[in-house]
Amino acid sequence: SSQTPCSIVSTPARIASLMPLAAWAWAATTRRALCASSTPAAISACLLYDITGDTAYLDKARGIITWMDANLVVTASGAIDDHITPEGTRVGWRFTYNQGTYVGACSMLYRITGEIGYLQNAIDRRSRAIREQRAGGLAHG
């Protein structure tokens, strides 16, 4: 074949077809709702929106962050819980990658939409992560 591995997956349609598989496969097999797969999926959706201009990707990214805010972001403290078990229990483990990918997704949504709430979420979570890191309360991941 004349296609290289990069050209096989580099078309927007091909990337779009792979995104749900890559972003949600682990969560589906463990039946958990995870920050570690949700926020990278929001980032992927933002990138796909940038590439294609298809607002369905932007809607997906917004929906993921809305879900995160309702289900894994701790309103009182701004912390981000790690996951929800199959039984519906929120697990409050704290990891740098959860904070970082949430900040990244909100930053991208702010860049795309100009909505200040996304920027404020990114700033607030970043500041909280730095404070926790300095205090030794955030696990490296």
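Tabulated results
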item: Residue under evaluation G53, criteria (1) open to solvent by 60 Å² or more (accessible area, probe 1.4 Å); (2) without any contact (Cβ under 8 Å) to a residue 12 or more places away in the chain, criterion not met; result: (1)
item: Qualifying positions in the stretch 58-117 - without any contact (Cβ under 8 Å) to a residue 12 or more places away in the chain and either touching a His at 6+ places or on another chain (Cβ under 6 Å) or among the acidic types (D, E) (or both); result: D59, E87, V91, E115
item: Test: residue in the stretch 62-78 that is open to solvent by 10 Å² or more (accessible area, probe 1.4 Å), at pLDDT 90 or above and either in contact with a Phe, Trp or Tyr (Cβ under 7 Å, 6 or more places away or on another chain) or among the basic types (K, R) (or both); result: yes
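The values are calculated or read from the model by the stated rules, or taken from the named source; none is laboratory data. Not measured: the values here are computed from a predicted model. Neighbour counts run over all protein chains shown; Cβ positions are idealised from the backbone, glycine included. Only protein heavy atoms, including side chains, enter the accessible area calculation; ligands, DNA and RNA are left aside. Shrake-Rupley method; radii C 1.70, N 1.55, O 1.52, S 1.80 Å.
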